[in-house]
Amino acid sequence: MLAAGLCSATIAFALCSLATGAQEKQPEAPAQKKEEPKAQPAAENSKGKKQEKAKADVITMSPVEKVVELAILLYGGRPQLEKVRSGIQETGTIRLATDQGDINGAYSFRSLKREKSWEDLIRVDLELSPPSDAQRQGTNSIKYTIAYNGASIWSAQNNQYVNSKAEVEAAFRAQLTHEFTALLRYKEDGSKIELIGPETVVGVESNVVELTNPQGEKTRYWVSIKTYRILHAEYELKLVEGQPPTKYRVSYYYSPYRVIQNTLVPTRKVMSQDGKFVQEVTLTDFQYSAKLDPEIFQHLQEK
């Protein structure tokens, strides 16, 4: 488990180091007899070089890198995130806004990590209960699947393939490039980050970081100044030609506090579209480092 106290101590130490960028001057030691330098074991030399490199990296970081790198540390650190998020299976519940009223259902998300965020394989399966009026008219629950197989997006309804609207595919694909995990993978993706400035949202002081990926897609993230958790992500999508872009905002919640295989995960996320609620996902079960068959991302039937 990633102890909260350890995280706080680590962040406090890192912040102090980043803020000062220098060490206190030590009193001069009395002169001693000069001795011949002794050869150090290879392991000690290697460890010393790594520590020196880490110190040098901290000193040369830009302000925005310090913010994001501390966030990555809070979420578990690069090596652990790389290992744990290689295969993900999350389940829970979903609430969707429709013209006929909110609908609820079961939610399943699976993904296989690839070299870049936008190359990840992802699949979402929903089993939705229609609004009360529709149920009274005899409408049964709906099973819906949408997936990205590495080349294209496909979808199915009640175990029959269907053609998705272009705007639905664009919104679904956005999970690959605009989720909070894209910020944690900024360096591996070759994305650029910029510190926009501080901003207080609902009483929480945050640093606003803008990420631009190699395709030119932009996402703004609100990172808590106190906890370094990613609280919000905001981006725009051009869904319909000739129409203004649609603004999406995703808010992440960490209560109840969950740490899975030494990595922090949000347990609930709420999405709004142009300021109106559209979706809420609450996660209840997590399987990380999951062994998933790539075929489930290619076809409707699981093998």
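Ordering 155-164, 217-226 by mean Cβ neighbour count within 10 Å, with the highest value first, yields 217-226, 155-164. Here the Karplus curve 6.51 cos²θ - 1.76 cosθ + 1.60, taken at θ = phi - 60°, turns the phi angles of segment 162-175 into couplings of 9, 8, 7, 5, 4, 5, 5, 5, 5, 5, 5, 4, 4, 4 Hz, with x standing for Gly and Pro.
Taking only alpha carbon atoms, segment 90-189 gives an Rg to Rh ratio of 1.03, where Rh is the Kirkwood radius. Hydrodynamic estimate: the Kirkwood radius of segment 174-272 over Cα pairs, inserted into Stokes-Einstein at 4 °C and 1.567 mPa s, corresponds to D of 90 µm²/s.
Which of the three applies to segment 82-297, rounded, prolate or oblate, going by the alpha-carbon gyration tensor with a ≥ b ≥ c and a/c under 1.5 meaning rounded? Because its axes are fairly even, with a/c under 1.5, segment 82-297 counts as rounded. Once backbone amide H atoms are built at 1.01 Å from N, GLN261 has no partners under 5 Å, excluding neighbours fewer than 5 places away on the same chain. Taking amide H as placed 1.01 Å from N in the peptide plane, the amide H of LEU239 sits under 5 Å from that of THR246, each at least 5 places away or on another chain. Taking amide H as placed 1.01 Å from N in the peptide plane, HIS232 has its amide H under 5 Å from the amide H of TRP222, TYR252, each at least 5 places away in sequence or on another chain.
Applying a threshold of 23 Å to the alpha-carbon distances of LYS116/LYS218; LYS218/LYS269; LYS66/LYS238 flags LYS66/LYS238 as lying beyond it. Between ALA151 and THR284, the simple spin-label model (points 7 angstrom out along Cα→Cβ) gives 3.8 nm. Karplus-based coupling profile of segment 242-254, in residue order and whole Hz: x, 10, x, x, 8, 9, 10, 9, 10, 10, 10, 10, 10, with θ = phi - 60° in 6.51 cos²θ - 1.76 cosθ + 1.60 and x standing for Gly or Pro. Sequence-ordered 3J(HN,Hα) estimates for segment 146-153 from the Karplus curve with 6.51, -1.76 and 1.60 and θ = phi - 60° stand at 9, 8, 10, 9, x, 10, 8, 9 Hz, glycine and proline given as x. In a shell of Cβ-Cβ distance under 11 Å around ILE88, excluding ILE88 itself, what net charge do Lys and Arg (+1) and Asp and Glu (-1) give? Computed value for this residue: +2.
Just so you know, all these numbers are worked out from the coordinates, no wet-lab data involved. This structure is a prediction, so every number in the text was calculated from the model and none was measured. Heads up, the Cβs are rebuilt from the backbone with ideal geometry, glycines too, and the neighbour counts pull from every protein chain shown.
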